[in-house]
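S.K.: Quick one: the structure is below, questions incoming.
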Amino acid sequence: MSRHLKTARISQSNETPPAVTETVTKLLADVADRGDQAVRDAAIRFDKLDRGDYRLTRKEIDACVDGLSRQERTDLDFAQEQIRNFAKAQRDTILDLEIETLPGVVLGHRNVPIANVGCYVPGGKYPLLASAHMTVLTAKVAGCKRVVTCAPPFKGEVASKIVAAQHLAGADEIYCLGGVQAIAAMALGTETIKAVDMLAGPGSAYVAEAKRILFGRVGIDLFAGPTETLVIADDTVDGEIVATDLLGQAEHGTNSPAILITNSERLARDTLQQIERILRILPTADIAARAWEDHGEIIVCDSLEEMVAEADNVASEHVQVMTSDPNYFLENLTNYGALFLGVRTNVAYGDKVIGTNHTLPTLKAARYTGGLWVGKFLKTCTYQRILTDEASARVGAVASRLCHMEGFVGHAEQANIRVRRFGGLNVPYGGSVDAA
């Protein structure tokens, strides 16, 4: 039976505080009503940035790219190449389909890119330039024609490295806008910003709530909450590496869960000691320590089956597996955003460079969805074609009877008229085709 060596002090919740919903609703309504002026007022109020036009000029974008050091440019190019290559490989697995299901009946589907996509790149506490790769690049590989990006200023200035990443990833329009005003401008449109069809990218609780409210008017990638990490480990590793990987993600925010599931009590206790030691020297310990105190957990299990059950119940965004047989968890886990298999890899690789997407489900959403990938930017749209009179009459006869079973006489007549014309049967108006 599993037992907790450490239990979270505060439970995670996917309920949005009413004050956040109220604030977001008012901001969205203001942008819908006043357009560009509302966006500017919000940008001045929240981002302390006043511009006549929040779209960056080509000169400003070039200055951001030129401001990169040689090593920064090399590293950005490397990361984007990995992400692009994996997205292309994913796209190659998504095939159009056409099949003749009956003689003369052809059915198919096409994978159609979403035309206009808005990508949000967070940049308040940390300038998350990697989110530019994950959203913009993936949308471009999918074939989206227009990709708009927004990122807030960083310390009162244009976030130059984010802008460089957005441009190098292929963004068509780049705006220095953050928060709800950015989401509203992209989703609702203004006098100067054409509305998009889909929003992608993580953000604050206010950004997440704006996406939730706007879902339906536009598509969204997923609802992103606080970063979550789960380490599954046994005594093939030590507490130092486990503690490092837990705290490395806990520094995202004070509400970020970090959980260890293990079948080794020795490792569990070693990890606790190492967390205490690392928190005394970690520069971001003020954030990570509170996250660990409030949301950290250590669960000790008796068997691999128990470890899988506990992990699937947690349904974490990131799941790092450091055991003697990582493939066991690859084959048996079902609820996770992304897996990191073996001690040689870790969540930070996925966050920044290795090629998999870091926009992933949180708050147990991994029970029903995966993360952002090239397929999220595609619509799989079906079509049908009938090639012969005989096929139309054959399908029409069945369709007519099924429509009458449901009481849809008008639907039945759509079938009947084709049975009359292509099958030569004398079916009275409003009648049903008799079975042969």
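The values are calculated or read from the model by the stated rules, or taken from the named source; none is laboratory data. Predicted model, so just to flag it, every value in this text is computed and none were measured. In this analysis, Cβ positions are derived from the backbone assuming ideal geometry, glycine residues included, and neighbour counts consider all displayed protein chains. Accessible surface is based on the protein model in full, side chains and every heavy atom, while ligands, DNA and RNA are left aside. Shrake-Rupley method; radii C 1.70, N 1.55, O 1.52, S 1.80 Å.
S.K.: Going through region 305-339 one residue at a time, which ones are in a loop (DSSP other than H, G, I, E, B) and either out of contact with any helix residue (DSSP H, G or I) (no Cβ under 8 Å at 6 or more places or on another chain) or not polar (S, T, N, Q) (or both)?
M.R.: Matches in region 305-339: A315, E317, S324, D325, L333, Y336, G337.
S.K.: Could you check region 296-322 and list, in sequence order, the residues that are surrounded by fewer than 22 Cβ atoms within 10 Å (Cβ to Cβ) and either modelled with pLDDT under 95 or under 15 Å from A243 (Cα atoms) (or both)?
M.R.: Once the filter is applied, which keeps residues that are surrounded by fewer than 22 Cβ atoms within 10 Å (Cβ to Cβ) and either modelled with pLDDT under 95 or under 15 Å from A243 (Cα atoms) (or both), region 296-322 yields only E297.
S.K.: Across region 340-362, which residue is nearest to I220 (Cα to Cα) among those that are open to solvent by 40 Å² or more (accessible area, probe 1.4 Å) and not in a helix (DSSP H, G or I)?
M.R.: First pass over region 340-362, keeping only residues open to solvent by 40 Å² or more (accessible area, probe 1.4 Å): 341, 343-344, 348-349, 352-354, 356.
Add one more test, that the residue is not in a helix (DSSP H, G or I), and what stays is 341, 343-344, 353-354, 356.
On the way: L341: 29, V343: 34, R344: 33, V353: 24, I354: 24, T356: 19 Å.
Taking the candidates together, the pick is T356.
S.K.: Please give the strands (runs of 3 or more DSSP E) falling wholly within region 110-183 in which 3 or more residues are surrounded by 22 or more Cβ atoms within 10 Å (Cβ to Cβ).
M.R.: Because the criterion is at least 3 residues that are surrounded by 22 or more Cβ atoms within 10 Å (Cβ to Cβ), the strands (runs of 3 or more DSSP E) in region 110-183 that meet it are 116-120, 146-150.
S.K.: Another one. Taking the stated definitions as given, is K194 of a type in the set (K, R), in a loop (DSSP other than H, G, I, E, B) and open to solvent by 20 Å² or more (accessible area, probe 1.4 Å)?
M.R.: Spelling it out, K194 is indeed of a type in the set (K, R), in a loop (DSSP other than H, G, I, E, B) and open to solvent by 20 Å² or more (accessible area, probe 1.4 Å).
S.K.: For region 76-99, indicate whether the set of residues that are open to solvent by less than 60 Å² (accessible area, probe 1.4 Å), part of a helix (DSSP H, G or I) and under 26 Å from D47 (Cβ atoms) is non-empty.
M.R.: Scanning region 76-99, I find at least one residue that is open to solvent by less than 60 Å² (accessible area, probe 1.4 Å), part of a helix (DSSP H, G or I) and under 26 Å from D47 (Cβ atoms), so the answer is yes.
S.K.: Kindly check whether there is at least one residue in region 368-379 that is open to solvent by 30 Å² or more (accessible area, probe 1.4 Å), basic (K, R) and in a strand (DSSP E or B).
M.R.: yes
S.K.: Could you run through region 36-55 and say how many residues are out of contact with any Gly (no Cβ under 8 Å at 6 or more places or on another chain) and outside any helix (DSSP H, G or I)?
M.R.: Within region 36-55, residues that are out of contact with any Gly (no Cβ under 8 Å at 6 or more places or on another chain) and outside any helix (DSSP H, G or I) number 6.
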